[in-house]
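Working notes, structure below.
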Amino acid sequence: MLRTEEMLLNVGPQHPSTHGVLRLVVKIDGERIVEVEPVIGYLHRGTEKLAEDLNYTQIIPYTDRMDYLSAMTNNYALVHAVEKMMGLEIPERADYLRVIVMELNRIASHLVWMGTYLLDIGAMSPFLYAFRDREQILSLFNELCGARLTYNYMRVGGVKWDAPPGWIEKADAFVDYLLPQMDEYHGLITGNEIFVRRTKGIGIVSQELAIQYALSGANLRVSGSDWDLRKKEPYSLYDRFQFDVPVGKNGDLYDKYLCRMQEIVESLKIVKQAIDQFPEKGTIMGKVPRVLRVPEGEIYTGIESPRGELGCHIVSKGKDKPWRLKFRRPSFYNLQILPTLLVGESISNLVAILGGIDIVLGEVDC
Amino acid sequence: MKSEDEKKEAPRAKARPSKRPVTKKEEVPLEPSPKQPVLDQYVTLIKGAVGEQAVSESHINREAGHLPTIVIRKEDWLATARYLKRSDELSFDYLQSLAGVDYASYFEVVYVLLSMSTLQKVMIKVKAEREEASVPSVSDVWAAANWNEREIFDLFGIEFTDHPHLKRILLPDNWVGYPLRKDYEPLDKEV
Amino acid sequence: MNPVLVMGPILLLFVVLGFVTMAILFERKVIGWIQMRPGPNRVGPWGILQTVADVLKLLIKEDIIPSKADKPLFKLAPAIAFIPAFAVLAVIPFTESLQFSQFAVGILYYLAVSSITIIGILMGGWASNNKYALLGAMRSAAQMISYEIPLVMSVVGIILSVGSLNLVEIVEAQKQVWFIFPQFLGFAVFFIASLSELNRTPFDLPEAESELVAGYHVEYTGFRFAFFMLSEYVYVFAMASLTTVLFLGGWNAPFGLTMIPGIVWFVLKFLLIVFSLFWIRATMPRVRVDQLMEFAWKVLLPVALFNILLTAVLQEVPYLDFLYRL
């Protein structure tokens, strides 16, 4: 047996497949990975510290920049926690708008994941197809709130902008468009022998391991757990909709792919139902004091973001600014398991497994 | 601006503790929380398994959806954590959130635990003094605590004893100070 | 000295360079269409000068050699990679009259010379003193050597049928039937192996940009990088020509359409192959390195060997032997 020297390989922070500024210090023996140490913090902006000097409305745009692929859910995580602490009533129309944009954002986020994941594995075209469809969601958001990525759409007590005339119909048309479109993706990717061989049986996460590392989102659900906060701790209006939580069997990358693809379909179902139930008239802002003083106390609320459980922990001392604001960022939790998954794999699987976790570095580093 | 704020804050901070128990006393007897028996059960179980001294406080956090909240003495925290995870009645196997809080006079490390089998939640708090703050690490109980403890160490300077790899995670290794402490002086005040 | 012998290769070089510019544009256009975008369209009408601009940019770029690189090897590597790519064109017969040398062992020459490029790649990867480059170069060497075996084996069926290694004779043997029909297995193996030899998707592991950033040429810029790219596309030219010659009947016209000159047929068949290379690139993900090796040794090689056996057996079958004994 030939003895070879181990080699230290620096992957990132500028590498096409680390999805941002993640750095991995990888020790490899040939192409086998012996040890991995993720180095994060390149995008740390101190959101939590900044938030302590800002009032609650001012914090909302900062949340946009954490998980920039799904800013709507981030907005919601914050305003939901504040509303719960203040015991505010949200007008129904605003709540429906929130659900619609959150689910559309989930779809957009999963489409980006699907596209970039296939790009990691070496297929170019699905990326552009995914972006073509995501573009329509971004256009819808653009029309709704004037931004394509950092929406700053939600406010404590409601939403900032009402749906412009015809917007709901456009959203409805988009749902009708995307549902059959999913077949195209499945035709292009799901049955592809190379894709299946690169993902099946790779990066397996057992349920026990997933819970031990507090994974959430699709990362947890592939291992067989049906943990979805929209079902388990329904917030907003999620108890009014019929939808399933896709669950994986093997916990491998292929299941993650199928799970997320199915989640797109389920989100489309929710959007469809929300549009059907959408109230014709109504206000979009509840009765909210001009200065938001959150009563003294402490709260932790979690919502289901596309990446997993996005939690918001607020400690308030009764002022208009939080004493301590902490976000439980799903990517941060999900990334932790990476070294465990990678040891013993080959370099080519590194990219596949890392991509499968679906991290957003803005969120990891916060 | 800032100094003015601080001046204002100081007397209020003193006034508050005396005010709050009064309102609580008015409310609590009126509508006992539905989670009160659950909390009592947790407290008895922990006291039975770890010791009477382990639980220093407990209450129901009403704003957070009647979340049972238990303050554990930091010396008993590791044993309590192991018990919470492994006992069959509780089996809090999922670390939902881990946050550090600086209360200006002491630190608090807040754990939100969840049991995947019973779907029960509990908030555990462990207090640490400000000088040479340290809390036992629970990263071998919940693997998810590993990076979170590093983050709290990074931003608060709370030492987690027996942590396998305690070093800064978000900030560069040569950073001076702990930004999320309330007395943190930023290098450049304009920022 | 015969002026044709001197001018011919120079002319061919310009034809090849013209092809490379067009091929790169064509590739980007085709992939653009497949991905529902227009592709390059800013430089010149229909973006026709895009590659010219790109090459110009590469040529006037600063020539950077990493300070820790092995300088002589680093400089030599692109040349070593490129020269064989051009040298193999010598034996390709484009039409009855347009050919440069009538080698008796044309195929052998092609396969032998083309494998010299591996040394250039390996040198470049090693000399760069970069870990990604080294990994890419090692992958490249392993991959190209492994796939050369099924590539050679898949051609043996044709050689058995024709009884010659001369490419001109092979083309002439396809007057009636192109070898793609009787040698379909051979064609499949040859095509897949040639994709791999060309380092093209789904076998583009040596330069897998999402894993190894750019593989063996990660440290190269400017005209040295251009040379690596050039040799890659010249190989596309050479390999597509070879496939045309071996399996698609070279300049032979199908359906007796002989009024169209042979060169047109050759170009059409050749473009078909080139197009399918681009088409595959836009559709397929990349295989993993161990699966790649597995595929070469466990699938392609046995199939190629079976093809040889089949050819040998079918030569003895009455009524079918006209396809296998030419």
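The values are calculated or read from the model by the stated rules, or taken from the named source; none is laboratory data. Remember, predicted model here, so these are calculated numbers, not experimental data. So basically every Cβ, Gly included, is an ideal-geometry build from the backbone, and we count neighbours across all protein chains shown. Calculation scope for accessible area: heavy atoms of the full protein, side chains included, ligands and nucleic acids excluded. Shrake-Rupley method; radii C 1.70, N 1.55, O 1.52, S 1.80 Å.
From the list A:Tyr62, A:Tyr129, A:Tyr96, the one residue that fits, being of a type in the set (Phe, Trp, Tyr) and buried (at least 23 other Cβ atoms within 10 Å of the Cβ), is A:Tyr96.
I'd like to check which helices (runs of 4 or more DSSP H) are fully inside the range C:139-235 and have at least 1 residues that are more than 14 Å from chain A (Cβ to nearest Cβ). It comes to C:167-172, C:184-197. Of everything in the range C:123-137 that is more than 10 Å from every other protein chain (Cβ to nearest Cβ) and in contact (Cβ under 8 Å) with a residue 60 or more places away in the chain, the residue that is surrounded by the fewest Cβ atoms within 10 Å (Cβ to Cβ) is C:Asn129. Evaluating A:Ile137 against the criteria (1) buried (at least 17 other Cβ atoms within 10 Å of the Cβ); (2) modelled with pLDDT under 90; (3) more than 14 Å from chain C (Cβ to nearest Cβ) leaves one unmet condition, (2). The single condition among (1) assigned to a helix (DSSP H, G or I); (2) open to solvent by 70 Å² or more (accessible area, probe 1.4 Å); (3) farther than 30 Å from A:Glu135 by Cα; (4) modelled with pLDDT of 85 or more that C:Ser67 does not satisfy is (1).
Residue count for the range C:30-81 under the criterion of being within 14 Å of chain A (Cβ to nearest Cβ) and of a type in the set (Lys, Arg): the result is 1.
With respect to C:Val105, determine if the residue is in contact (Cβ under 8 Å) with a residue 24 or more places away in the chain and under 13 Å from the mean Cα position of the chain (by Cα).
Numbers: in contact (Cβ under 8 Å) with a residue 24 or more places away in the chain: yes; under 13 Å from the mean Cα position of the chain (by Cα): no.
Spelling it out, it is not the case that C:Val105 is in contact (Cβ under 8 Å) with a residue 24 or more places away in the chain and under 13 Å from the mean Cα position of the chain (by Cα).
The listed residues are A:Asp120, A:Asp67, and the only one of them that is in a helix (DSSP H, G or I), more than 14 Å from chain B (Cβ to nearest Cβ), open to solvent by less than 30 Å² (accessible area, probe 1.4 Å) and of a type in the set (D, E, K, R) turns out to be A:Asp120. Can you find a residue in the range A:278-299 that is open to solvent by less than 40 Å² (accessible area, probe 1.4 Å), within 14 Å of chain B (Cβ to nearest Cβ), of a type in the set (Asp, Glu) and within 22 Å of the chain's Cα centre (by Cα)? Checked the range A:278-299: no residue is open to solvent by less than 40 Å² (accessible area, probe 1.4 Å), within 14 Å of chain B (Cβ to nearest Cβ), of a type in the set (Asp, Glu) and within 22 Å of the chain's Cα centre (by Cα). The single residue among A:Glu309, A:Glu266, A:Glu304 that is closer than 29 Å to B:Tyr94 by Cβ, more than 14 Å from chain B (Cβ to nearest Cβ), of a type outside the set (S, T, N, Q) and not in a loop (DSSP other than H, G, I, E, B) turns out to be A:Glu266.
Counting the residues of the range B:169-191 that are facing another protein chain (nearest Cβ under 8 Å) and under 24 Å from B:Trp77 (Cα atoms) gives 2.
Answer yes or no as to whether A:Lys326 is buried (at least 24 other Cβ atoms within 10 Å of the Cβ) and within 14 Å of chain B (Cβ to nearest Cβ). Judged against the criteria, A:Lys326 is a match.
Given the range A:1-57, what strands (runs of 3 or more DSSP E) lie entirely inside it while holding 3 or more residues that are among the polar types (S, T, N, Q), touching a residue at least 60 places away in the same chain (Cβ under 8 Å) and within 12 Å of chain B (Cβ to nearest Cβ)?
none
Of all residues in the range A:152-185 being without any contact (Cβ under 8 Å) to a residue 24 or more places away in the chain and open to solvent by less than 40 Å² (accessible area, probe 1.4 Å), which is nearest to the chain's Cα centre (by Cα)? Ranking the qualifying residues of the range A:152-185, first place goes to A:Pro164. With respect to the conditions (1) open to solvent by 70 Å² or more (accessible area, probe 1.4 Å); (2) touching a Pro at 6+ places or on another chain (Cβ under 8 Å), A:Leu188 falls short on a single one, namely (1). Only one entry of A:Ile359, A:Ile337 meets the criterion of being under 30 Å from C:Arg288 (Cβ atoms), within 15 Å of the chain's Cα centre (by Cα) and within 13 Å of chain B (Cβ to nearest Cβ), and that entry is A:Ile359.
With respect to C:Leu185, determine if the residue is open to solvent by 10 Å² or more (accessible area, probe 1.4 Å) and within 23 Å of C:Ala312 (Cα to Cα). Yes, satisfied.
Of all residues in the range A:330-351, none are open to solvent by less than 10 Å² (accessible area, probe 1.4 Å) and touching a His at 6+ places or on another chain (Cβ under 8 Å). Within the range A:27-42, is there a residue that is touching a Phe, Trp or Tyr at 6+ places or on another chain (Cβ under 7 Å), more than 21 Å from A:Cys366 (Cβ to Cβ) and among the charged types (D, E, K, R)? Scanning the range A:27-42 turns up no residue that is touching a Phe, Trp or Tyr at 6+ places or on another chain (Cβ under 7 Å), more than 21 Å from A:Cys366 (Cβ to Cβ) and among the charged types (D, E, K, R). When C:Val52 is tested against (1) open to solvent by 60 Å² or more (accessible area, probe 1.4 Å); (2) in a helix (DSSP H, G or I); (3) touching a residue at least 40 places away in the same chain (Cβ under 8 Å); (4) of a type outside the set (Gly, Ala, Ser), exactly one condition is not met: (3). Meeting the requirement of 3 or more residues that are more than 25 Å from C:Gly157 (Cα to Cα) and more than 14 Å from chain A (Cβ to nearest Cβ), the helices (runs of 4 or more DSSP H) wholly within the range C:261-326 are C:262-283.
Conditions tested, residue by residue: (1) small (Gly, Ala, Ser); (2) outside the structural domain of C:Leu160 (by TED's automatic domain parsing); (3) over 30 Å from A:Glu193 (Cα atoms).
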site	(1), (2), (3)
C:Gly222	yes, no, yes
C:Phe225	no, no, yes
C:Phe228	no, no, yes
C:Ala238	yes, no, no
C:Val245	no, no, yes
C:Val264	no, no, yes
C:Leu272	no, no, no
C:Ser276	yes, no, no
C:Arg286	no, no, no
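Of the residues in the range C:249-265, at least one is on the phi > 0 side of the Ramachandran plot and open to solvent by 10 Å² or more (accessible area, probe 1.4 Å).
Number of residues in the range C:296-326 that are surrounded by 21 or more Cβ atoms within 10 Å (Cβ to Cβ) and either closer than 18 Å to A:Arg198 by Cα or among the charged types (D, E, K, R) (or both): the value is 1. The residue of the range B:56-81 that is nearest to the other protein chains (Cβ to nearest Cβ), among those that are open to solvent by 50 Å² or more (accessible area, probe 1.4 Å) and among the acidic types (Asp, Glu), is B:Glu63.
Selection over the range C:285-316 of residues that are touching a Ser or Thr at 6+ places or on another chain (Cβ under 7 Å) and farther than 30 Å from A:Leu119 by Cβ gives a count of 3.
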